[in-house]
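Asker: The structure's right below; bear with me while I get my questions together.
The values are calculated or read from the model by the stated rules, or taken from the named source; none is laboratory data. Worth saying up front: this structure is predicted, and the values here are computed from it rather than measured. All Cβ positions, glycine included, derive from the backbone under ideal geometry; neighbour counts span all protein chains shown. What goes into the accessible areas is simple: the full protein's heavy atoms, side chains included, and nothing from ligands, DNA or RNA. Shrake-Rupley method; radii C 1.70, N 1.55, O 1.52, S 1.80 Å.
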Amino acid sequence: MLVAAHWAGTPAFASGVDFTPLAKPQYKLYSVCSGENDNASEDDLRIIAQNFEFYHGHFTPEQADTIRKFNPEFKCTSYINSTYTRFESDVGIVESQYRDCLSMLLASRLSESIDSTCTQFSVSLADDVKKGGNKPPAIPIVASTIEGDFSTTTRAKPSTQFYVFWIRIGDELMRVNQFDPETGAIVVTRGFSSTTPTAHQLGANVFSPIYIGSKVNNPNNDDPRKSVKGSYPNGGSTKLRYVLNPTYSKGHLFLAESALHAMQEDRADGVWMDTLNTGTFNLSDCLGRPAAGKVWDFSKNKPCDADDFRLGQERKIAFVQEYIKEKTGKYPFLIANSLGEKNAAPGKGGLKLLLESTEVKPRPLDAFCMEEALVNTHSSDKWKKQMTLLMDCAQSGLAAAPIWGNAGHPSIAESQPDTPKRDQEERFGYASYLLAVEKDAKTVMGTYAFYESNGKRFAKVHPMYYYPIGYPTQTVKPEAIDQYIIKGLPVYRRSFTNGLVLVNPSTEDHEVKLDKPFLDPDIRKLVTEVSMPAGTGKILLARDQAATFRVVWFDNTTGTWGFSYDAGNGNFKSAKTFTVTGTNRWRKETFTITDAVMNNHGPQGAEVALINLDDTDERFHLIEVQRGAVPGT
């Protein structure tokens, strides 16, 4: 005879299993808070201050003060662009003060020699930039559309339509007044922008400015990340946007003054420097064609290689740090965007060096965003490359700052409703981060504090960040990341002191059988098997499975009875057999089970069962259970 039992009040012994969430996230977080934050409540600001290390986004000076009131260690940052101009007013500043520091590309070559007074001549497409096909590409030169030395600086008259265009030959700049793209005939003003007219020989290189916003291949693409309006002459933007060449130290002052102004205006502790790259991101010639990798290094008379461009960026960061320290008395908190596997290593740009102390930059960046590094790309190979870089940074003590979405505005996650899709993407991102994190690493994970629901915007922190998973108990070298793969499955598993993390970056769903029960903190139940749909991550917590039982029964006959329990995986296990001796007394037995699951998987949905092992009746008064082992049992 079997008497099945389960505990009233909750579905099962392990259902509703309590665990204590941490008071703060287990690992450091930062938040992208793009969009309108003016209406953020004080409670929103408190949530941000108490759960994140810094934000990227615009808050009022008063809001920044409130955040620091809740957390004096919090770093408020203001957005600037690290390499490109941004505002209409920037056009006037760089054209009047930094024209000789702007990036240029090889556009053509002189078709004839000219003396220092010649203003009409012709140019031809340089062999270096010719393409295949029957018709050569157009020469990237256009004629100025307004009189004077400077483009317009107001939205009423967009500088993309009312602009001054110039070329460079040798060290001389020339304003372009007329240009025939069919013949290459050009009319210029010599000695433009205070340069000295000189003679130039047949075949001399002719250079033209670089802008940003190269044409989009699919103009109907509604992805905001791929629809940047052209900020070049006759482009769709309202303003020209130039690219400062970081190899010119004179131009570093432009970024330093921009950073200081933004910090003072927002009462910020530092700046988020967007698009700190190696001369590759969204560069355009004056006709809207991609110009990545074409920034000319006039000191070496060749295009800048990625490492030279990065070296200039390093020197620029060092200049900004010291400039603001001199002006304010303290170093600014500097975050840059974006570090990726394509540009991190020396030889590919070496942007990772910006997180290290180097000879030209003794003070590293405070963080370097890895934009979309934790995104489910539906490509295990691409995801793995980003993870390998993140692991390298974590193990090397570098302050990489990966985020599970993009860091711009509008963000792919910012202010979305609390949807299952957002939840899945964020879980995948955090689980991926846990595969790389180290206990004392300087890495910090990015997420999005704001949500929208019923027309209201509010700050919230996903509860999984408070799960007490502990610290990694296994670490492999970045190149050995596949050692985390579960045998026979494309699912990664890493153990922690108080749990484990699972990540399925593949495009197929899988079931993962666990070697022992773990607590699923989402459903508060012990599990021995987990479903891992494609592109998902899962956190499981270790659980003390010990349970101490006290059974009181009447010993009034002879025989035996047994006690069995749910041990998971369909195993309804015998704990102990008791002998009945006929003392006619109430007896008490106390014993501990170390592998109890108690998930209603026994006969008749039982968690435990009293089993009569003979043909005599037994009488019971009490069955009591206590979680954990009791000393002496």
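Asker: Got at least one residue in segment 173-182 being polar (S, T, N, Q), assigned to a loop (DSSP other than H, G, I, E, B), modelled with pLDDT of 95 or more and in contact with a strand residue (DSSP E or B) (Cβ under 9 Å, 6 or more places away or on another chain)?
Answerer: There is no residue in segment 173-182 that is polar (S, T, N, Q), assigned to a loop (DSSP other than H, G, I, E, B), modelled with pLDDT of 95 or more and in contact with a strand residue (DSSP E or B) (Cβ under 9 Å, 6 or more places away or on another chain).
Asker: Considering only residues that are in contact (Cβ under 8 Å) with a residue 40 or more places away in the chain and open to solvent by 50 Å² or more (accessible area, probe 1.4 Å), look in segment 258-280 and name the one that is nearest to ILE80 (Cα to Cα). So that I can check it myself, show each step before the final result.
Answerer: Start the filter on segment 258-280 by keeping residues that are in contact (Cβ under 8 Å) with a residue 40 or more places away in the chain, which leaves 258-260, 262-263, 265-280.
Of the ones still in play, those that are also open to solvent by 50 Å² or more (accessible area, probe 1.4 Å) are 265, 267, 280.
Details: GLU265: 12, ARG267: 14, THR280: 18 Å.
Here the answer is GLU265.
Asker: To continue, here is another question. Considering segment 154-172 alone, what residues qualify as being within 17 Å of HIS200 (Cα to Cα) and either open to solvent by 60 Å² or more (accessible area, probe 1.4 Å) or of a type in the set (Asp, Glu) (or both)?
Answerer: Once the filter is applied, which keeps residues that are within 17 Å of HIS200 (Cα to Cα) and either open to solvent by 60 Å² or more (accessible area, probe 1.4 Å) or of a type in the set (Asp, Glu) (or both), segment 154-172 yields ASP171, GLU172.
Asker: A further question follows. Of all residues being hydroxyl-bearing (Ser, Thr, Tyr), over 57 Å from the mean Cα position of the chain (by Cα) and open to solvent by 40 Å² or more (accessible area, probe 1.4 Å) in segment 578-622, which is nearest to ALA547 (Cα to Cα)? Just the residue, please.
Answerer: Once the filter is applied, the top-ranked residue is THR579.
Asker: Of everything in segment 451-471 that's surrounded by 15 or more Cβ atoms within 10 Å (Cβ to Cβ) and within 21 Å of the chain's Cα centre (by Cα), which residue is nearest to LYS24 (Cα to Cα)?
Answerer: Looking at the filtered set, the residue picked out is TYR466.
Asker: How many residues, within segment 311-350, are part of a helix (DSSP H, G or I), among the aliphatic types (A, V, I, L, M) and open to solvent by less than 40 Å² (accessible area, probe 1.4 Å)?
Answerer: 4
Residue-by-condition table, conditions (1) touching a helix residue (DSSP H, G or I) at 6+ places or on another chain (Cβ under 8 Å); (2) touching a residue at least 12 places away in the same chain (Cβ under 8 Å):
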residue	(1), (2)
HIS56	no, yes
PRO72	no, no
LYS75	no, yes
SER82	yes, yes
VAL94	yes, yes
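Asker: Would you check which residues across segment 173-203 are touching a Gly at 6+ places or on another chain (Cβ under 7 Å) and open to solvent by 20 Å² or more (accessible area, probe 1.4 Å) and list them?
Answerer: Within segment 173-203, PRO197, THR198 qualify.
Asker: If you don't mind, there's one more thing I want to ask. How many residues, within segment 37-65, are surrounded by fewer than 19 Cβ atoms within 10 Å (Cβ to Cβ) and assigned to a helix (DSSP H, G or I)?
Answerer: Result for segment 37-65: 7.
Asker: Follow-up question, since we're still on this one. I'd like to check which strands (runs of 3 or more DSSP E) are fully inside segment 542-609 and have at least 3 residues that are in contact (Cβ under 8 Å) with a residue 60 or more places away in the chain and within 30 Å of ASP520 (Cβ to Cβ).
Answerer: 547-555
Asker: Can I ask one more? If I ask for residues that are part of a strand (DSSP E or B) and modelled with pLDDT under 95, which ones from segment 505-517 would you list? It would help to see each step written out before you state the result.
Answerer: Here is the first cut: in segment 505-517, the ones part of a strand (DSSP E or B) are 510-517.
Matches in segment 505-517: ASP515, LYS516, PRO517.
Asker: Would you be able to tell me the number of residues in segment 281-296 that are surrounded by 24 or more Cβ atoms within 10 Å (Cβ to Cβ), touching a Lys or Arg at 6+ places or on another chain (Cβ under 9 Å) and closer than 20 Å to ASN343 by Cβ?
Answerer: So the count comes out to 2.
Asker: Of all residues in segment 193-214, which are in a loop (DSSP other than H, G, I, E, B) and more than 40 Å from the chain's Cα centre (by Cα)?
Answerer: Residues satisfying the conditions are SER193, SER194, THR195, THR196, PRO197, THR198, ALA199, GLN201, LEU202, GLY203, ALA204.
Asker: With the requirement that a residue be touching a strand residue (DSSP E or B) at 6+ places or on another chain (Cβ under 7 Å), under 21 Å from ASP285 (Cβ atoms) and in a helix (DSSP H, G or I), what does segment 69-98 give you?
Answerer: Passing the criteria: only VAL94.
Asker: Within segment 258-272, is there a residue that is at pLDDT 90 or above, closer than 23 Å to ILE141 by Cβ and of a type in the set (A, V, I, L, M)?
Answerer: no
Asker: Has segment 532-547 got any residue that is over 30 Å from ASN376 (Cα atoms) and surrounded by 21 or more Cβ atoms within 10 Å (Cβ to Cβ)? Please lay out each step first, then the result.
Answerer: Our first condition is that a residue be over 30 Å from ASN376 (Cα atoms); within segment 532-547, this holds for 544-547.
Right, trim to surrounded by 21 or more Cβ atoms within 10 Å (Cβ to Cβ) and you get 545, 547.
For segment 532-547, residues over 30 Å from ASN376 (Cα atoms) and surrounded by 21 or more Cβ atoms within 10 Å (Cβ to Cβ): present.
Asker: Are any residues in segment 52-69 in contact with a Ser or Thr (Cβ under 8 Å, 6 or more places away or on another chain) and over 15 Å from MET263 (Cβ atoms), and if so, which ones?
Answerer: The answer is PHE52, and nothing else.
Asker: Further, regarding this structure: Condition check: part of a loop (DSSP other than H, G, I, E, B), modelled with pLDDT of 95 or more and under 27 Å from the mean Cα position of the chain (by Cα). Does ASP522 satisfy that?
Answerer: For ASP522, the condition - part of a loop (DSSP other than H, G, I, E, B), modelled with pLDDT of 95 or more and under 27 Å from the mean Cα position of the chain (by Cα) - is met.
Asker: What pairs can you find where one residue is in segment 174-190 and over 21 Å from GLY148 (Cα atoms), the other is open to solvent by less than 40 Å² (accessible area, probe 1.4 Å) and not in a strand (DSSP E or B), and their Cβ atoms are less than 7 Å apart, with a gap of 6+ or different chains?
Answerer: PRO181/ILE139; GLY184/ILE139
Asker: Take the residues in segment 104-120 that are farther than 18 Å from PRO197 by Cβ and among the hydrophobic types (A, V, I, L, M, F, W, C), then tell me which one is farthest from the chain's Cα centre (by Cα).
Answerer: ALA107
Asker: Then there is this: Considering only segment 486-519, state which residues are on the phi < 0 side of the Ramachandran plot, open to solvent by 70 Å² or more (accessible area, probe 1.4 Å) and over 24 Å from the mean Cα position of the chain (by Cα).
Answerer: Selection gives LYS487, THR497, GLU508, ASP509, GLU511, LYS513, ASP515, LYS516.
Asker: When residues of segment 141-153 are filtered for being of a type outside the set (S, T, N, Q), out of contact with any helix residue (DSSP H, G or I) (no Cβ under 6 Å at 6 or more places or on another chain), closer than 19 Å to TYR211 by Cα and open to solvent by 10 Å² or more (accessible area, probe 1.4 Å), how many remain?
Answerer: Within segment 141-153, residues that are of a type outside the set (S, T, N, Q), out of contact with any helix residue (DSSP H, G or I) (no Cβ under 6 Å at 6 or more places or on another chain), closer than 19 Å to TYR211 by Cα and open to solvent by 10 Å² or more (accessible area, probe 1.4 Å) number 4.
Asker: How many residues are within 20 Å of TYR27 (Cα to Cα) and aliphatic (A, V, I, L, M) if we restrict to segment 49-66?
Answerer: 1
Asker: Specify the residue that is most open to solvent (accessible area, probe 1.4 Å); the eligible residues are those in segment 359-399 that are charged (D, E, K, R) and assigned to a helix (DSSP H, G or I). Before the answer, list the steps.
Answerer: Of the residues in segment 359-399, the ones charged (D, E, K, R) are 359, 361, 363, 366, 371-372, 381-382, 384-385, 392.
Next, from what is left, pick out any that are assigned to a helix (DSSP H, G or I): 381-382, 384-385, 392.
Values: ASP381: 88, LYS382: 123, LYS384: 54, LYS385: 94, ASP392: 42 Å².
Filtering first and then ranking leaves LYS382.
Asker: Restricting to segment 400-409, and then to whatever is touching a residue at least 60 places away in the same chain (Cβ under 8 Å) and farther than 19 Å from TYR471 by Cα, can you tell me which residue is surrounded by the most Cβ atoms within 10 Å (Cβ to Cβ)?
Answerer: For segment 400-409, the residue satisfying everything is ILE403.
Asker: While we're looking at this one, here's another question. For residues that are modelled with pLDDT of 95 or more and either of a type in the set (A, V, I, L, M) or open to solvent by 10 Å² or more (accessible area, probe 1.4 Å) (or both), tally how many sit in segment 24-36.
Answerer: 6
Asker: Taking ILE481 as the residue in question, decide whether it is open to solvent by less than 70 Å² (accessible area, probe 1.4 Å) and within 22 Å of the chain's Cα centre (by Cα).
Answerer: yes
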